[in-house]
Amino acid sequence: MEKKNSSLTYSEIYGQADSFAAINAALPAIFATLDKVFAEPYDELIFTGCGTSLYLAQTAAHAWCAYNATPAKAVCCSELYFFPEVYLKGKRVLVLPITRKSYTTEVRMAIDKARTFPGVKSLAITCDKDSEQYNDAYILSPETAEDSVIMTRSFTSMVYLAVIMSMYAGGKRDEIDAMADYPANARRLLVQMDNLARDIIGRHHELNLFITLGQGLYYGVANECMNKMKEMGIANSEAYYSLEYRHGPMSLVDENTLVLTLAHPAALEDDAKLLRQMKSYGAVTAAIGDGVAAAMLDADYTLELGCGYNAQQNAALIGFIGQFLGYYIAEKKNIDADSPRHLTQAIVLDDK
């Protein structure tokens, strides 16, 4: 697995299985925290974050609603900071900041303001124990203190935490128990998606537009795949709800376009039709998910997850492909993803 180019980022990608294992080992403590937090009712949950963490919030809000009656939405931290009354006034709200580092300025600003509203509590989903300093409670990915600037294992570990939280609050302990083999499945899929991404980028040197599509909670993951290709490979990448891609954006598709579908079981048939249409316009097409090998016979590339999980359980695994595509785009361009342009681990605002 050792790579000369972007070796730290590449190593962190392969560390994701260890992060899942650490979360599984910490489940009793996580459940104890959730018991306390959800001992009181809420009118709504608001998942919030910046950048990658906003895409994670989109995934988390959908996962929550799949298992629970209390409504939830994803709101970026800056929106929550500038317009808190729109989201918080007169309601009992649990705000869930999602953050790799506790000192990201926009997160602190949003949560500090949100907690001034009566009836608002906060539960951090985090990789940094210091998040306890400005939240009412937190659940932690215990061994995911990334050294790389690019978020990889922190993203997927917090997706995993959010899905577990949603299942636990919704009384689905059986689905959590079924993920005891998550680290092993992650190790297998990391290798398979590494090989797939290397093959796609190695065979198609002309690609200059990278599209990731997803429905349901895979839309947030698709956004993160888009983000990884931008951050690592300085690539022109976009993400959409699958069927939204027909409404204008597909006019850009040509033989230099990769269209990647993160196939949700509920949308499999329609995703297959869309991918077939994009292929007819010249695009290189790829699909990842359960059932894609049979449903998308004419796609250029397919990869079955094969874990026996449902869509929510697969959410932390299906996005590995975006990380590897970003890595291999960077390698092709001789870009060091360990030192991404203009980026730092956490955005800290100053007064200048």
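The values are calculated or read from the model by the stated rules, or taken from the named source; none is laboratory data. Predicted, not measured: the structure shown is a model, and the values here were computed from it. Don't worry about glycine lacking a Cβ; one is built from the backbone with ideal geometry, like all the others, and counts go over all protein chains shown. Protein only, heavy atoms only, side chains kept; ligands, DNA and RNA dropped before computing areas. Shrake-Rupley method; radii C 1.70, N 1.55, O 1.52, S 1.80 Å.
Keeping every protein chain present and rolling a 1.4 Å probe, give me the accessible area per residue for the chain in Å².
The answer is 39 Å² per residue.
Pop out the ³J(HN,Hα) list for region 225-237 in order, Karplus 6.51 cos²θ - 1.76 cosθ + 1.60 with θ = phi - 60°, rounded to Hz; leave Gly and Pro as x.
3J(HN,Hα) across region 225-237, in whole Hz: 4, 4, 5, 5, 5, 5, 5, 7, x, 6, 10, 7, 10.
Determine the dipole magnitude for region 63-154: charges of +1 sit on the beta-carbon of Lys and Arg, -1 on that of Asp and Glu, nothing else is charged, the reference point is the Cα centre, and the result goes in debye to the nearest 20.
400
Please work out the C-alpha center-to-center distance from region 275-338 to region 180-252 and express it in whole Å.
Centre-to-centre (Cα) distance: 6 Å.
Would you mind checking the pairs Lys73/Lys273; Lys36/Lys91; Lys121/Lys228; Lys230/Lys273 and listing those with alpha carbons more than 25 angstrom apart?
Going by Cα-Cα distance, Lys73/Lys273; Lys121/Lys228; Lys230/Lys273 fall outside the 25 Å limit.
Take the solvent-accessible surface of the protein heavy atoms, probe 1.4 Å, and return the percent of it on region 107-259 that carbon and sulfur atoms account for.
C and S atoms contribute 48 percent here.
Calculate one ³J(HN,Hα) per residue across region 9-15 by plugging θ = phi - 60° into the Karplus curve 6.51 cos²θ - 1.76 cosθ + 1.60, and present them in order as whole Hz with x for glycine and proline.
Computed from phi, the couplings for region 9-15 are 4, 4, 5, 5, 4, 6, x Hz.
For Met167, what is the net charge nearby, where nearby means another residue's Cβ is under 11 Å from its Cβ and Lys, Arg count +1, Asp, Glu -1?
-1
Taking Rh as the Kirkwood radius computed over C-alpha pairs, what is the Stokes-Einstein D of region 31-144 at 37 °C in a medium of viscosity 0.692 mPa s, expressed in µm² per second?
In µm²/s, the coefficient rounds to 238.
With a/c under 1.5 counting as rounded, go ahead and sort region 218-332 into rounded, prolate or oblate using the C-alpha gyration tensor (a ≥ b ≥ c being the square roots of the eigenvalues; past the cut-off, prolate if a/b is larger than b/c, else oblate).
It comes out oblate by the Cα gyration axes.
Which semi-axis lengths, in whole Å and largest first, follow from the square roots of five times the eigenvalues of the Cα gyration tensor of the chain?
For the chain, the ellipsoid semi-axes come out as 32, 22, 20 Å.
For region 61-128, compute the orientation-averaged projected area of the C-alpha convex hull (one quarter of its surface), in nm².
Value for region 61-128: 4.6 nm².
For Gly282, what charge total do you get from the other residues with a beta carbon under 14 Å from its beta carbon, if Lys and Arg give +1 and Asp and Glu give -1?
Combined, the nearby Lys, Arg, Asp and Glu give -3.
Can you find, among Ala295, Leu189, Gly49, the residue farthest towards the positive end of the dipole of the chain? Put +1 on the C-beta of Lys and Arg, -1 on that of Asp and Glu.
Looking along the dipole axis, the top candidate is Gly49.
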